[in-house]
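The values are calculated or read from the model by the stated rules, or taken from the named source; none is laboratory data. Since we're looking at a predicted model, the values are computed, not measured. Because the Cβ atoms are built from the backbone with ideal geometry, glycine has one as well, and the counts that use them run over all protein chains shown.
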Amino acid sequence: MQNIGVDYRHECIRGPADPGSALRAGNRRQATVITASSRKSMYEGPRWRSLRGSIAQGDVVGSYSGSSHRGHGFLLSEDTFTNIDVSGTFNTNVYGINPRGEMVGFYADNSGTAHGFLLKGDTFTQINVPGARETNVFGIKPRGDVVGLYVDSNSNLHGFLLRKGTLAIIDVPGATLTAASGINPQGDIVESYDSSSGVMAFC
């Protein structure tokens, strides 16, 4: 991977007062805030379920867990439910899907270390930021650009954009951590960051 600098304009969107809020969508016109109270219904019953991403065609991806406490990713397309599991791993999370049906997310290996992945058809491709302890991938653009976060050797969190093998690190100035959690077709990136005061915001 080639590593380059990136010059993005960071535009803050303050979330509601609920400390459990999370901004999930990459399109600013269709951005959705999921609060802790609205997430409650996802955890009712013997299995928890979490919806992570969707596309205009109606396909939805997410993750769930059964009684074994192993996490599984899933794709729901036209009422057809498909399990998404990286073979030989303990936990698979699917976070994003694009109109071509390419999915991204991350999985935990047997030691608990997180690795990002891209799923094209039946082929998983591992995504690891060079030198990182862990990599999580959260979003994918229609043309294949992916965004996420990684943990460096000092346990600091940074956002990243991976485009055609070129890696761009994304850090909000003055933030103690940055995560790139979504990207829309125009290339706008949704970020979450933590300032020195500990207040979470969305950009």
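Restricting the range 73-98 to residues that are loosely packed, with under 14 Cβ neighbours inside 10 Å and in a loop (DSSP other than H, G, I, E, B) leaves a set whose member that is modelled with the highest pLDDT is SER87. HIS115 passes every criterion in (1) of a type outside the set (Val, Ile, Thr); (2) more than 25 Å from PRO185 (Cα to Cα); (3) outside any loop (DSSP other than H, G, I, E, B) apart from (2). Of the residues in the range 143-162, at least one is polar (S, T, N, Q), under 30 Å from GLY88 (Cβ atoms) and free of Cβ contacts under 8 Å to residues at least 12 places away in the same chain.
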